[in-house]
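These notes are about the structure you will find just below.
The values are calculated or read from the model by the stated rules, or taken from the named source; none is laboratory data. These numbers come from a predicted model, not from an experiment. Every residue, glycine among them, receives a Cβ derived from its backbone with ideal geometry; neighbour counts consider all protein chains shown. Calculation scope for accessible area: heavy atoms of the full protein, side chains included, ligands and nucleic acids excluded. Shrake-Rupley method; radii C 1.70, N 1.55, O 1.52, S 1.80 Å.
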Amino acid sequence: KELKRLAREGCWGGGHAGRARLYPRLIQQVSCRLVTPDALVYRDVAGRLFGKPSVSSHPLPEFLEGCPMPTYCLSPHGVTALKKILICVGALFPDITHSPLLPALAALLLHYSEDEAQCFESVSRLIASNAPHAGYIDQSFLAHQASCMTFGDLANKHCPAAHKLIAGAAENVLEVYSEWLSWLFPGLPFGYAVRVLDVFLLEGQKVLYRIALALLKQFRLSVTPAGLQGSDIKAELQAFVRNIAEHVTVDKLLERAFGIRLFSRKEIWLLQMANRKALMERGITVVQRRPSFHLAVDMQNFSSSTVTAQEMRLVWSWIPERFSLFPPLLLFSTSEHGCSLQRFYTCCEGYEPTVLLIKTTEGEVSVSQAGLGRGRGGATWGFFGTGECFVFTVRPEAERYEWVLIKKPELAKAVPRSRQRSPSPAPESR
């Protein structure tokens, strides 16, 4: 805990020389597979690959296609060394098929390595990490896309105001969140990126989620909804991150990032696995254009007497991303099935999760997202769900509400256990 505190507050590192001593030692502590290529292996492979022909004659690995290639002020010699490292990674790790983070990470570590061989060894250990629930580098398109969906889920829960702002300005919220990693690398200035690297090497990928969420919150504070109308929200976010020093210091950014009550590493890992499964069910396992709302919800032909197409798009942006990959299926409508509650339950049986929309006689629309099914023994009906369930309104004001104990867990101590377990009133109560 003390080491984490010092890293987060920027107390260790001691500038360039301090990080050059510290980074290799931190990476040596990373739990990884038994056989991992080291500096000696790199020198042998690089000698065979680059003995006579120049580096320029060797193409970069295919897994870097479409990935940003920041150099972070490396000299021409450093850029050449970076390319050699990435080519050797491609030769020695043939299972890597897509890894947007890898070039930026290698470029940053090269600044603080004795030579390119040591940098390669450090990168190799991060790639080969097998620490439970604490991965460092996504190595496939499926893993990367699942992490984008996971960030979308976290942004929806922890940055509701920013999410609402983006949902109102962007045609596709998923497309905006799919670039979350590029906000950090290569988006952040060098000084900020190195501070992120300090804590990333110590704590793993969860740190990146935290800092990206803090950037999203800060972006919301710096703009007005009117200022985003008609603008390219992705370009606005990238420009904001590039000029982050004008808005918040790196110390304050990290302070806000670690002030977010985020899930545990294991919970984030489980969410990532669920998102991977949903992508695989849709056949999205290789590099391709990210599915959009228009694939899941046909906005052109959408028709409802309860909500407009624009409102439905907002609703669809609120549900967990792995479910928003799939088109909605209408299970029950009073105009078609009548007003029998029993028939409502029958029509919804076997489907979960469900989205329920209710329009009042005043024109207000309230909605909830939850599971629905029979109670114990199958005799009665009831609602059930998880921490992903929530209620929200569309009219007169669009707002998403969470269980209060998620936002303020300290309140759980004030709630009797009987009430926590069952929200139903006691028989003797009115």
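I'm checking my understanding of the structure. Among residues of the stretch 333-355 that are more than 28 Å from residue 276 (Cβ to Cβ) and open to solvent by less than 40 Å² (accessible area, probe 1.4 Å), which one is modelled with the lowest pLDDT?
Ranking the candidates gives 345 first.
Summed over the stretch 215-232, residues that are modelled with pLDDT under 90 and open to solvent by less than 10 Å² (accessible area, probe 1.4 Å) total 1. What about residue 212, is it in contact with a Pro (Cβ under 9 Å, 6 or more places away or on another chain), aliphatic (A, V, I, L, M) and either in a helix (DSSP H, G or I) or open to solvent by 10 Å² or more (accessible area, probe 1.4 Å) (or both)? No: the conditions fail for residue 212. Go through the residues of the stretch 256-269 one by one and say whether even a single one is outside any helix (DSSP H, G or I), over 18 Å from residue 138 (Cα atoms), free of Cβ contacts under 8 Å to residues at least 24 places away in the same chain and of a type in the set (Val, Ile, Thr). For the stretch 256-269, residues outside any helix (DSSP H, G or I), over 18 Å from residue 138 (Cα atoms), free of Cβ contacts under 8 Å to residues at least 24 places away in the same chain and of a type in the set (Val, Ile, Thr): absent.
The listed residues are 176, 123, 199, 207, and the only one of them that is part of a helix (DSSP H, G or I), within 14 Å of the chain's Cα centre (by Cα) and closer than 19 Å to residue 31 by Cβ turns out to be 207.
When residues in the stretch 300-311 are screened for being at pLDDT 80 or above and within 16 Å of residue 392 (Cβ to Cβ), 4 of them pass. Once the stretch 356-373 is narrowed to residues that are in a loop (DSSP other than H, G, I, E, B) and not hydroxyl-bearing (Ser, Thr, Tyr), the residue that is surrounded by the most Cβ atoms within 10 Å (Cβ to Cβ) is 364.
For the stretch 15-49, residues that are over 19 Å from residue 132 (Cβ atoms) and either out of contact with any helix residue (DSSP H, G or I) (no Cβ under 8 Å at 6 or more places or on another chain) or in the same structural domain as residue 81 (by the TED database) (or both) total 21. The lone criterion from (1) at positive phi; (2) of a type outside the set (A, V, I, L, M); (3) in a helix (DSSP H, G or I) left unmet by residue 350 is number (3).
Being among the small types (Gly, Ala, Ser) and over 31 Å from the mean Cα position of the chain (by Cα) is the filter here; which residues of the stretch 29-77 pass it? Passing the criteria: 39, 46, 47, 51, 54, 56, 57, 75.
Looking across the stretch 1-19 at every residue that is in contact with a Phe, Trp or Tyr (Cβ under 7 Å, 6 or more places away or on another chain) and buried (at least 17 other Cβ atoms within 10 Å of the Cβ), the one that is nearest to residue 252 (Cα to Cα) is identified as 8. Quick check on the stretch 128-148. Is at least one of its residues buried (at least 20 other Cβ atoms within 10 Å of the Cβ), acidic (Asp, Glu) and not in a helix (DSSP H, G or I)? Yes, the conditions are met somewhere in the stretch 128-148.
Out of 68, 59, 76, report the one residue that is closer than 30 Å to residue 142 by Cα and open to solvent by 60 Å² or more (accessible area, probe 1.4 Å).
Every option except 59 fails the conditions.
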